[in-house]
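Chemist: Below is the structure I would like to discuss, written out as structure tokens.
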Amino acid sequence: MKGLNQLAYEIHDRNIEKGFFDDKKNIGEMLMLMVTEVAEACEADRKDRYMGKEGNWLVDRISQIQFDDTFKIQYDTDVKGTFEEEMADIFIRLLDMCAFKKIDLNAHVELKMRYNSLRPHKHGKKY
Ligand SMILES: [Mg+2]
């Protein structure tokens, strides 16, 4: 698996190619677009739109489709609007912003995980 930073820069480069960075970016807007993906995940859960137990098998099958037209049809049928898709959307927006802001996400995740390991149960909070 690729490192987070490598993936972040690949996502960011594609988003630049797609024109998402043609205009000056507003950090508040970028953060709110992450929130919209969280809201879509909430809706997917409310509608019980999960790929479910067959998910891993389906993902393997769909990812092996050679022709883009067929891939898109299958993706729209099996993945579009699922909780799993929205998790990917959240992650993609997060990584895009980290690359845009030149944040070393690998290092920061490692730092934070170590810090969290030193904190008390539930980090000293109720939940
Ligand atoms: Mg989405």
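The values are calculated or read from the model by the stated rules, or taken from the named source; none is laboratory data. Because the structure is a prediction, the values reported are computed rather than measured. For neighbour counting, all protein chains shown are included, and Cβ atoms are generated from backbone atoms with ideal geometry for every residue, glycine included. The accessibility values were calculated without ligands, DNA or RNA, using every heavy atom of the protein model including side chains. Shrake-Rupley method; radii C 1.70, N 1.55, O 1.52, S 1.80 Å.
Chemist: Would you mind stating whether GLY19 is open to solvent by less than 40 Å² (accessible area, probe 1.4 Å) and not in a helix (DSSP H, G or I)?
Modeler: Details: open to solvent by less than 40 Å² (accessible area, probe 1.4 Å): yes; not in a helix (DSSP H, G or I): yes.
Considered against the rule, which asks whether it is open to solvent by less than 40 Å² (accessible area, probe 1.4 Å) and not in a helix (DSSP H, G or I), GLY19 comes out as yes.
Chemist: Another one. Look at ALA99 and say whether it is away from the ligand (no atom under 16 Å from the Cβ), of a type in the set (A, V, I, L, M) and at negative phi. I'd like the intermediate steps shown before the answer.
Modeler: Working: away from the ligand (no atom under 16 Å from the Cβ): yes; of a type in the set (A, V, I, L, M): yes; at negative phi: yes.
Yes: the conditions hold for ALA99.
Chemist: Count, please, the residues in segment 49-58 that happen to be open to solvent by 70 Å² or more (accessible area, probe 1.4 Å) and within 29 Å of MET32 (Cα to Cα).
Modeler: Quick first cut of segment 49-58, residues open to solvent by 70 Å² or more (accessible area, probe 1.4 Å) only: 49-50, 53-54, 56-57.
Imposing the further condition that a residue be within 29 Å of MET32 (Cα to Cα) reduces the set to 49-50.
The total comes to 2.
Chemist: Moving on. Which of the residues that make up segment 28-59 are more than 24 Å from LYS72 (Cα to Cα) and in contact (Cβ under 8 Å) with a residue 60 or more places away in the chain?
Modeler: MET30, LEU31
Chemist: Here is a follow-up. Select, from ILE73, ILE62, ILE90, the only residue that is within 16 Å of the ligand (Cβ to nearest atom), part of a helix (DSSP H, G or I), of a type in the set (Val, Ile, Thr) and surrounded by 11 or more Cβ atoms within 10 Å (Cβ to Cβ). I'd like the intermediate steps shown before the answer.
Modeler: Details: ILE73 fails: within 16 Å of the ligand (Cβ to nearest atom); ILE62 fails: within 16 Å of the ligand (Cβ to nearest atom).
Exactly one of ILE73, ILE62, ILE90 is within 16 Å of the ligand (Cβ to nearest atom), part of a helix (DSSP H, G or I), of a type in the set (Val, Ile, Thr) and surrounded by 11 or more Cβ atoms within 10 Å (Cβ to Cβ), namely ILE90.
Chemist: Looking at ARG46, ARG14, which is the one that is more than 15 Å from the ligand (Cβ to nearest atom), open to solvent by 100 Å² or more (accessible area, probe 1.4 Å) and either modelled with pLDDT of 95 or more or hydrophobic (A, V, I, L, M, F, W, C) (or both)?
Modeler: Values: ARG46 fails: more than 15 Å from the ligand (Cβ to nearest atom).
Just one listed residue meets the conditions, ARG14.
Chemist: Let me ask another. Among the candidates VAL109, VAL79, single out the residue that is without any contact (Cβ under 8 Å) to a residue 40 or more places away in the chain and within 20 Å of the chain's Cα centre (by Cα). Break it down into steps so the answer makes sense when it comes.
Modeler: Numbers: VAL109 fails: without any contact (Cβ under 8 Å) to a residue 40 or more places away in the chain.
From the options VAL109, VAL79, the qualifying one is VAL79.
Chemist: So, one more: Hey, does segment 26-37 have a residue that's under 13 Å from MET87 (Cβ atoms) and within 16 Å of the ligand (Cβ to nearest atom)? Don't jump to the end; show me each part of the working.
Modeler: Pass one, segment 26-37, residues under 13 Å from MET87 (Cβ atoms): 34, 37.
Next, from what is left, pick out any that are within 16 Å of the ligand (Cβ to nearest atom): 34, 37.
Checked against the condition, which is being under 13 Å from MET87 (Cβ atoms) and within 16 Å of the ligand (Cβ to nearest atom), segment 26-37 yields at least one hit.
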